[in-house]
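Down below is the structure, laid out as structure tokens.
The values are calculated or read from the model by the stated rules, or taken from the named source; none is laboratory data. None of these values were measured; they are calculated from a predicted model. In this analysis, Cβ positions are derived from the backbone assuming ideal geometry, glycine residues included, and neighbour counts consider all displayed protein chains. Only protein heavy atoms, including side chains, enter the accessible area calculation; ligands, DNA and RNA are left aside. Shrake-Rupley method; radii C 1.70, N 1.55, O 1.52, S 1.80 Å.
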Amino acid sequence: MKVKKAYFIGIGGIGMSALAQLLKDSGWQVSGSDREESPTTELLAGKGIEVTIGQIAENVPEDATLVIYTEAAWEDNPERMRAKELELPQSSYFEVLGDVSDGKRTIAVSGTHGKTTTTAMIARILKDAGASPSAVVGSIVKDFESNYLGGKSDLLVVEACEYKRDFLTLSPEVLVVTNIEFDHTDYYKDLTDVQGAFKALMEKAEIIVTDATNPNIAPLLVGMSVRIIDYLDEPSYETKLPGEFNVDNARAAAAAARAIFPEVSESTIVESLASFTGTWRRFEYKGKTKRGAEVYDDYAHHPTAVRKTLAELKKKILEATPLGTKGKIYVAFHPHLYSRTRDLFEGFATAFNDADRVLIAPIYAAREIDDGTVSNKTLAEAIAKNGTEATPVDFTEIRRYFETEPKEGDIIMTMGAGDIYRVADQLVAS
């Protein structure tokens, strides 16, 4: 039998690296490339998956069975061009994940916020219940020390991203919709457009777990003939994670786990959620600076997520600060995409009100070109007009400031979907 050989273009991506591990577990030979080293490339190397740093045509194996590419690798990527020249089959990450999902009993976790934590919680519950699920998670789960969990059953728990309607490649038996807001503004026209994508995914599911009273979700449920479970009917499970939003994530996870695996006991759900330790870059405590300031890091890159995370941080610092003193909250924010920053600008302008000082890094362009309409300077000015001190700076200035200004009793939060997390790592390592 011919060995299946997959080559990943952009293997360090959080979803791509999980899929690479899944295929390796399924008997494929797996290798790939990425533009730079990261925690995920290091994780893959530790699991015996060959990762090449740098993307050039010569990297592509001529005998590859399938070339899998991230959407960040456009058609003019040298490795994609080489694969086309060699007439090798090419598929996107979500196309392959959809093929995998088609042969599994899939729990797909979707939503604008909370899907990573909820996906990880479901996987943890099912694992502890003996269901032996596989899971593809959008972050490194501390409990698994990976963004992938390998299982022996036909259960698959997968994070389902709405960008470009990619999640429509999935075939969910159980669909979790945590919430819906206007996001991915470079693709969707408005909230109605986003809702249309979620409605299409709902129509593919057998069971929907959601907040049935959410005003952006409730209209989509009208006329649905599938079983609908309102996760707000679940109890408030105790977790180690901060924030009311994580209480809701736990409720959704419990309801979804029970829907796909009725044998799971309530005691297992309670114990699993109580001991769940969270995921990388989700309100993650990193340590202390030399001056004693505590450092946290979070992936929040939408105004709602920023606002809720900082509200919880403010609550935390008020509880921890001795009477008569007042610790300060310092934030370094890395805006993600020109389009999101521009289209959600007013939301970002007021999202930092619970911070004392905000440093805004240059916008993380990712797949976009700067059209000159928005910058870290204009965002900092808008935040300052709403009463929070804000300054546009580069990464070197952020680190220098945080090494000299915040002190014991203060909290630093690095925040955003780019590589701002590296600053947090540097602050606690120096």
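The stretch 373-425 and the stretch 103-167 have Cα centres spaced 32 Å apart. Given the choices (1) -0.91; (2) -0.58; (3) -0.65, log10 I(q)/I(0) by the Debye sum over Cα atoms at q = 0.09 Å⁻¹ derived from the coordinates of this structure is entry (2). Between Lys385 and Ala72, the simple label model (points 7 Å from Cα in the Cβ direction) yields a spacing of 3.2 nm. Judged by the gyration tensor of its Cα atoms, with axes a ≥ b ≥ c, the stretch 330-430 is oblate; a/c meets the 1.5 cut and b/c is at least as large as a/b. Rounded to the nearest whole Hz, the Karplus-based 3J(HN,Hα) values (6.51 cos²θ - 1.76 cosθ + 1.60, θ = phi - 60°) of the stretch 337-348 follow the sequence 6, 5, 5, 5, 4, 5, 6, 10, 4, 5, x, 5, with x at glycine and proline. Counting every pair of alpha carbons in the stretch 111-168, the share spaced more than 19 Å apart comes to 26 percent. When the Cα atoms of the stretch 188-246 are aligned to their principal axes, the ranges along those axes come out at 36, 28, 17 Å in descending order. Scaled against 2.2 N^0.38 Å for its residue count N, the alpha carbon radius of gyration of the stretch 237-277 is 1.10.
So how strong a dipole does the stretch 215-299 carry about its Cα centre when Lys and Arg Cβ are +1 and Asp and Glu Cβ are -1, to the nearest 20 debye? Working shown, then result.
Working: 10 positive and 13 negative charges, 107 e Å.
The calculation lands at about 520 debye.
Under a Gaussian network description of the chain, with springs only between Cα atoms under 10 Å, the residue in Ile11, Ile363, Ile208 that fluctuates furthest is Ile363. Heavy-atom surface analysis with a 1.4 Å probe gives the stretch 62-214 a carbon and sulfur content of 45 percent of its accessible area. Please report, in debye to the nearest 20, how large the charge dipole of the stretch 388-430 is about its Cα centre when each Lys and Arg carries +1 at its beta carbon and each Asp and Glu carries -1 there. Here the stretch 388-430 has a charge dipole of around 100 debye.
Cα centroids of the stretch 48-86 and the stretch 233-311: 36 Å apart. Farthest toward the positive end of the dipole of the chain, out of Ser26, Gly54, Phe283, is the Cα of Phe283, where the dipole comes from beta carbon charges about the Cα centre. Solvent-accessible area assigned to carbon and sulfur over the stretch 328-369 amounts to 49 percent, based on a 1.4 Å probe.
Per residue, the accessible area of the chain comes to 42 Å² when a 1.4 Å probe rolls over the protein heavy atoms. May I ask which residue of Leu170, Thr119, Thr373 lies farthest towards the positive end of the charge dipole of the chain, with charges of +1 (Lys, Arg) and -1 (Asp, Glu) on Cβ and the Cα centre as origin? In the chain, that residue is Thr119. Its residue count N fixes a reference of 2.2 N^0.38 Å for the stretch 1-125, and the Cα radius of gyration divided by that reference is 1.07. Here's how it looks for Ile140: its modeled amide H is under 5 Å from those of Trp280, which are all 5 or more places away or on a different chain. Our estimate of slack between Ala57 and Lys240, defined as 0.36 nm per intervening residue step minus the Cα-Cα distance, is 61.3 nm. Scanning the chain for long hydrophobic helices, with DSSP H runs required to stretch 24 angstrom or more by C-alpha along their axis and to average at least -0.5 on the Kyte-Doolittle scale, returns 244-260, 303-320.
3J(HN,Hα) couplings calculated from phi for the stretch 59-72 with the Karplus curve 6.51 cos²θ - 1.76 cosθ + 1.60 (θ = phi - 60°) are, in sequence order, 5, 6, x, 5, 9, 4, 6, 8, 9, 10, 10, 6, 5, 6 Hz; Gly and Pro show x.
With only Lys, Arg, Asp and Glu charged, each at its Cβ (+1 for the first two, -1 for the last two), find how big the charge dipole of the stretch 259-360 is about the Cα centre; round to the nearest 20 debye. Mind dumping the intermediate values first?
Numbers: 16 positive and 13 negative charges, 144 e Å.
For this selection, approximately 680 debye.
Largest first and in whole Å, the equivalent-ellipsoid semi-axes of the stretch 288-384 read 28, 13, 11, each the square root of five times a Cα gyration tensor eigenvalue. Using the Stokes-Einstein relation with a Kirkwood hydrodynamic radius computed over Cα pairs, the translational diffusion coefficient of the stretch 125-250 at 25 °C and a viscosity of 0.890 mPa s comes to 153 µm²/s. For Met81, put the label point 7 Å out on the Cα→Cβ axis and report which residues of the stretch 33-67 keep their amide N under 15 Å from it. Answer for this model: 55-60.
Annotation: aspartates and glutamates with alpha-carbon distance below 14 angstrom to Lys288 (same-chain offsets under eight excluded): Asp297, Glu403, Glu405, Glu408, Asp410, Asp425. In deg cm²/dmol and to the nearest 500, what is the mean residue ellipticity at 222 nm of the chain if only DSSP H runs of at least 4 residues count, each as -39500 (n - 2.57), divided by the residue total? Value at 222 nm, helices only: -10500 deg cm²/dmol.
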